[in-house]
């Protein structure tokens with residue numbers, strides 16, 4: 001019998017990933033983003049004011065490996081859950 005895909009849960013810190021992973025079980029893979037992965041550019045406004053206030057994000061320098069690992073994990077998962085903290089910082093990370 002073929003094994004079904006696991007669900008990916010992304011949290012902010014490795015400690016949280018370890019703790020939450022203990023509760024969820026083998027059908028979930030819990031991994032950490034380790035903080036912010038994208039940001040608005042520093043050299044320009046970063047928000048298209050005339051085009052509906054759409055932000056123009058760019059990857060945070062040095063976080064490319066983490067981004068690629070998360071993308072790879074997401075592609076091989078049935079579902080992806082963003083389980084960051086319920087505050088402004090967590091919302092920005094999600």
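Observations
- When 25, 52, 46 are screened for being surrounded by 12 or more Cβ atoms within 10 Å (Cβ to Cβ) and free of Cβ contacts under 8 Å to residues at least 12 places away in the same chain, only 46 passes.
- Among the residues of the range 66-90, those identified as part of a helix (DSSP H, G or I) and out of contact with any strand residue (DSSP E or B) (no Cβ under 7 Å at 6 or more places or on another chain) are 66, 68, 69, 71, 72, 75, 88, 89, 90.
- Checklist (1) loosely packed, with under 14 Cβ neighbours inside 10 Å; (2) in contact (Cβ under 8 Å) with a residue 12 or more places away in the chain; (3) assigned to a helix (DSSP H, G or I) applied to residue 36, failing item: (3)
- Residues within the range 55-79 that are surrounded by 12 or more Cβ atoms within 10 Å (Cβ to Cβ) and either closer than 16 Å to residue 32 by Cα or under 13 Å from the mean Cα position of the chain (by Cα) (or both), tallied: 10
- Complete set of residues in the range 33-62 that are under 21 Å from residue 8 (Cβ atoms) and touching a strand residue (DSSP E or B) at 6+ places or on another chain (Cβ under 8 Å): 33, 37, 38, 57, 59, 60
Just so you know, all these numbers are worked out from the coordinates, no wet-lab data involved. Here the structure is a predicted model, which is why all the values come from computation and not from measurement. Glycine gets a Cβ as well: all are built from the backbone with ideal geometry, and neighbour counts include every protein chain shown.
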